[in-house]
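Values in this text are rule-based calculations from the coordinates and carry no lab data. As the structure is a prediction and not an experimental result, all values here were calculated from the model. Neighbour counts are summed over all protein chains in view; Cβ atoms, including those assigned to glycine, are modelled from backbone coordinates with ideal geometry.
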Amino acid sequence: MKDILMNMYKRLFSFFGPQDWWPADTPFEVMIGAVLTQNTNWKNVERAIENLKKDGLLSVNNLYRLSKEELAFRIRPAGYYKIKAQRLKNLISYIMEKYEGDLNAFFSLNIYKLREELLSIKGIGPETADSIILYAAKKPIFVVDAYTFRILKRHDFVWDGIGYDELQALFMDNLPHDEVLFNEFHALIVETGKKFCRKRPLCIDCPLKNWPHDSE
């Protein structure tokens, strides 16, 4: 299994090259982006984050003091802005009230404790929590998403109804726990989903054509 997954990774890396994820200036910006990217595309997230940056609001303290209504107004480009504003307030309030706004202290938790605490915050699901752990806290956990399922399902590698944790375990149980590898692998899967494994797939030129059957 490890060889098959590493063959998948090598094919994608050879085709696309390094992805340099997550596009952000600070771990806090990554965390905000992980919430905002729910149900929207990255261009919209960038516009919302830029609104926060230009007003000097992109810090734990500043967003904690900002009203939910003002926050919603600024993140409007990301869509579902009222819901996302509440989720951001929930997350930021948790860090302020339990860790006095110290993101380093929050991220110093081990992976399992950090994940447990993130998932306890209303509005933070597994994919968002794991994105924060991998891309902001720089800890080795594999992020899976709709692209991961779609690609593996179309290659008869997983089954309908597989859960998030089961799909994640496929990678976590068979690959070395390396933050750089997990970062790059997930980013490459997303790029493959966007470019080739769309709802109407473009299989002919896909770097995963005939995978895993002809994996070395």
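Prolate is the label for the stretch 91-186, because the ratio a/c of its alpha-carbon gyration tensor axes (a ≥ b ≥ c) is 1.5 or higher and a/b is greater than b/c. Principal-axis analysis of the Cα atoms of the chain puts helix 2-16 at an angle of about 70° to the longest axis. Give the residue list of GluC sites (Glu not before Pro) in the stretch 85-127 that are DSSP loop and have at most 12 other beta-carbon atoms within 10 angstrom. When the GluC sites (Glu not before Pro) of the stretch 85-127 are filtered for loop state and at most 12 Cβ neighbours within 10 Å, 100 remain. Listed by Cβ neighbour count within 10 Å, with the fewest neighbours leading, 3, 214 appear as 214, 3.
With 0.36 nm allotted per residue and the present C-alpha distance subtracted, the residue 155-residue 214 stretch has 20.1 nm of extension available. For the chain, a Kirkwood radius taken over Cα pairs fed into Stokes-Einstein (20 °C, viscosity 1.002 mPa s) yields D = 118 µm²/s.
Cα centroid distance between the stretch 97-131 and the stretch 70-90, in Å? If we compute the Cα centre of each part, the gap is 19 Å. Extension gain, residue 205-residue 82: 0.36 nm per intervening residue step, less the Cα-Cα distance, totals 40.2 nm. In the structure shown, the pairs 89/195; 53/84; 10/138; 89/194; 10/122; 113/153 are assessed against 26 Å; a Cα-Cα span above that value is assigned to 89/195; 89/194; 10/122; 113/153. Under a model in which nothing but the beta-carbon of Lys, Arg (+1) and Asp, Glu (-1) is charged, the stretch 100-216 shows a dipole of about 600 debye around its Cα centre.
Each helix, a run of at least 4 DSSP H residues, gives -39500 (n - 2.57); summed and divided by the residues of the chain, these come to -17000 deg cm²/dmol at 222 nm.
In a reduced charge model with +1 at each Lys and Arg Cβ and -1 at each Asp and Glu Cβ, the stretch 27-136 shows a dipole moment near 400 debye about its Cα centre.
Exposure proxy ranking for 96, 8, based on other Cβ atoms within 10 angstrom of each Cβ and starting from the fewest, stands as 96, 8. Listed from fewest to most Cβ neighbours within 10 Å, the set 67, 93 follows the order 67, 93. Once the chain from residue 14 to residue 166 is taken as fully extended at 0.36 nm per residue, the excess over their C-alpha distance is 52.0 nm.
To the nearest 20 Debye, how big is the dipole of the chain about its Cα centre, given +1 on the beta carbon of each Lys and Arg and -1 on that of each Asp and Glu?
920
The C-alpha radius of gyration of the stretch 73-121, expressed as a fraction of 2.2 N^0.38 Å, stands at 1.30. State the answer as a single residue: which of 51, 212, 167 lies farthest towards the positive end of the charge dipole of the chain, with beta carbon charges of +1 for Lys and Arg and -1 for Asp and Glu, about the Cα centre. Going by the charge dipole, the pick is 51. Distance between the pseudo-spin-label points of residue 47 and residue 112 (7 Å out from Cα toward the beta carbon): 4.3 nm.
Equivalent ellipsoid of the stretch 28-150: semi-axes from √(5λ) of the C-alpha gyration tensor, largest first, are 21, 19, 12 Å.
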